[in-house]
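The values are calculated or read from the model by the stated rules, or taken from the named source; none is laboratory data. Treat the numbers as computed from the prediction; the structure is a model and nothing was measured. Glycine also receives a Cβ, built like all others from the backbone with ideal geometry; neighbour counts cover every protein chain displayed.
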Amino acid sequence: MPLTRGQKRKITDRPIPKTNEATLKADDSGILPELLTPKQVSALINIPTSSLAKFRMEGALPNRTELPPFVKVGRRIRYRRSAVFAWLDGLQVHGAEA
């Protein structure tokens with residue numbers, strides 16, 4: 001619905017970006033590359049890229065799950081695939097721990 005003059009767009013009016021398997025850009029063998037972009041990690045763990053950037057800048061804070069370690073290649077941020085999956089394994093909760 002178009003906005004009339006003077007109306008403000010609500011956050012909830014924004015379309016939610018859809019992630020799909022193509023976002024991860026696996027190679028022909030179906031294997032992800034060793035260094036993942038923030039966009040690929042975002043699609044993989046379902047966290048917005050803006051949150052990844054914010055958490056990288058702020059570092060570890062109390063009551064927040066730490067994100068996987070990242071690598072700077074020049075000015076670019078990359079995540080090691082193995083580190084992302086190791087991080088996910090470390091978040092696994094068993095029964096009464098939840």
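Quick one: which of L67, L52 is modelled with pLDDT under 85, closer than 15 Å to W87 by Cβ and either of a type in the set (S, T, N, Q) or within 15 Å of the chain's Cα centre (by Cα) (or both)? Give the steps one after another, and end with the answer.
Numbers: L52 fails: modelled with pLDDT under 85.
L67 is the lone residue from the list that is modelled with pLDDT under 85, closer than 15 Å to W87 by Cβ and either of a type in the set (S, T, N, Q) or within 15 Å of the chain's Cα centre (by Cα) (or both).
Taking region 67-89 as the search range and keeping residues that are of a type in the set (D, E, K, R) and assigned to a helix (DSSP H, G or I), which one is surrounded by the fewest Cβ atoms within 10 Å (Cβ to Cβ)? Before the answer, list the steps.
Let us first name the residues in region 67-89 that are of a type in the set (D, E, K, R), namely 72, 75-76, 78, 80-81, 89.
Among the residues that remain, those that are also assigned to a helix (DSSP H, G or I) are: 81, 89.
Working: R81: 18, D89: 8.
Per the stated criteria, the residue is D89.
Considering every residue within region 20-33, establish whether at least one is outside any loop (DSSP other than H, G, I, E, B), modelled with pLDDT under 65, in contact with a Ser or Thr (Cβ under 9 Å, 6 or more places away or on another chain) and β-branched (V, I, T). Explain how you work it out, then say what you get.
Our first condition is that a residue be outside any loop (DSSP other than H, G, I, E, B); within region 20-33, this holds for 21-24.
Still in the running and modelled with pLDDT under 65: 21-24.
After this cut, where a residue has to be in contact with a Ser or Thr (Cβ under 9 Å, 6 or more places away or on another chain) as well, the list is 23.
Filter once more, so that each one left must be β-branched (V, I, T): 23.
Yes: region 20-33 contains one or more residues that are outside any loop (DSSP other than H, G, I, E, B), modelled with pLDDT under 65, in contact with a Ser or Thr (Cβ under 9 Å, 6 or more places away or on another chain) and β-branched (V, I, T).
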